[in-house]
Amino acid sequence: MTMTTNTHLSLNDWLIKLSNIEIPAMQYTLDQMSHLHSKSDDISIRDLSLLIRHDPLLTLKLIRYQQRQRRAVQMKDVNTIEHVLLMIGMGGFFREFGSTQAVETQLQQQPEALLGIRKIISRSYLAARIAESLSSQRHDVDPIEVTTASLLHDLAEILLWLSAPELAQKITHYLLKNPGRRSHEAQKLILGFTINELQTELALHWHLPSLLTHLMDERHTDEPRVRTVSIATSTARHLANHWQDPALPDDYQNISDLLSIEPEQAYGLVRNVCIKAGHEWEWFSVLPVATQIPQF
């Protein structure tokens, strides 16, 4: 069935649809997993967690697995990749996730969709790196929780490209043709709801850890940790457009206010994060934003 703006699936329909798809991972992630598995006697939980944190899809898959396996005696949520790995062990990880399918396999006949999903995954990783830097500057009680929430923040958009790329492309094309319109307007027109609304409902529907769900919920940006996630994801989104995106000065000002630094220092912080993240461009097979940094 071809879905159009006049035949919206309901939000509940989407929850069911996305809950029934097989979550893949990036091919580069799977290649690195295979490499680590081949020398599993010489690696640590940290080595494996650093690999997983590049890929929001594998991160989601891991956290959902742990939530489904959760026993009644486990009173506290497990909110980070490393803690989940400690629960299931490296052997358990490779056993459960070693046969994960690649995104590239699922979308091999849809090159535009594959490029779209790679761009968003790259953007999500950059958001996580920005959040990590902001959290470190803030001396956050647990920066990894904020980093994980930032990595997962745009999962609904990633899953839309995976399960209904024609609709994701409609949103992208609409915004290109109507540069003055906001993303949430295009989403509402084409989907009948915003991707942020879908993201919030998915997190609840999947029983993701309550802390991560809360940190991703932009209705709570009065809280510094939620604001950190929101600023990091917003900055990464605008950088993915270009370094002259008109919204970026507001992002730098928000970072300035959050950390009590000057906007020029906020720009320098973001620039340094982008340069470091750019060294890992092979993971995502898209041009990193660092290559477009203005030269003054």
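The values are calculated or read from the model by the stated rules, or taken from the named source; none is laboratory data. A quick note: this is a predicted structure, and the numbers were derived from the prediction, not measured. Please note: Cβ atoms are built from the backbone with ideal geometry, for glycine as well, and neighbour counts cover all protein chains shown. Side chains included, ligands, DNA and RNA excluded: accessible areas come from the protein's heavy atoms. Shrake-Rupley method; radii C 1.70, N 1.55, O 1.52, S 1.80 Å.
Observations on the structure shown:
- Among the residues of the stretch 91-131, those identified as without any contact (Cβ under 8 Å) to a residue 24 or more places away in the chain and not small (Gly, Ala, Ser) are Arg95, Gln108, Gln109, Pro111, Leu114.
- Selection within the stretch 212-253 - modelled with pLDDT of 95 or more and open to solvent by 70 Å² or more (accessible area, probe 1.4 Å): Arg227, Pro249, Asp250, Gln253
- The residue of the stretch 121-147 that is nearest to Glu282 (Cα to Cα), among those that are among the hydrophobic types (A, V, I, L, M, F, W, C) and modelled with pLDDT under 95, is Ile144.
- Scanning the stretch 187-200 for residues that are touching a residue at least 24 places away in the same chain (Cβ under 8 Å) and over 16 Å from the mean Cα position of the chain (by Cα), we see that the one that is surrounded by the fewest Cβ atoms within 10 Å (Cβ to Cβ) is Leu189.
- Applying a threshold of 8 Å to beta carbon distances and a minimum spacing of six or more residues, or different chains, the list of pairs starting in the stretch 22-48 at a residue that is closer than 20 Å to Ser163 by Cα and ending at one that is hydroxyl-bearing (Ser, Thr, Tyr) reads Ile23/Thr100; Pro24/Thr100; Pro24/Thr105; Ala25/Thr100; Gln27/Thr105.
- Residue among Ser183, Ser150 that alone is modelled with pLDDT of 95 or more and not aliphatic (A, V, I, L, M): Ser150
- Residue pairs meeting the criteria (Cβ under 9 Å; at least 6 apart or on separate chains; first under 14 Å from Pro246 (Cα atoms), in the stretch 173-185; second assigned to a helix (DSSP H, G or I) and open to solvent by less than 60 Å² (accessible area, probe 1.4 Å)): Arg181/Tyr174; Arg181/Leu175; Arg182/Leu175
- When residues of the stretch 254-291 are limited to those that are closer than 23 Å to His54 by Cα and among the polar types (S, T, N, Q), the one surrounded by the fewest Cβ atoms within 10 Å (Cβ to Cβ): Thr291
- Helices (runs of 4 or more DSSP H) completely within the stretch 12-118 that count 2 or more residues being basic (Lys, Arg): 56-69
- Count - residues of the stretch 130-170 that are within 19 Å of Ile63 (Cα to Cα) and not in a helix (DSSP H, G or I): 3
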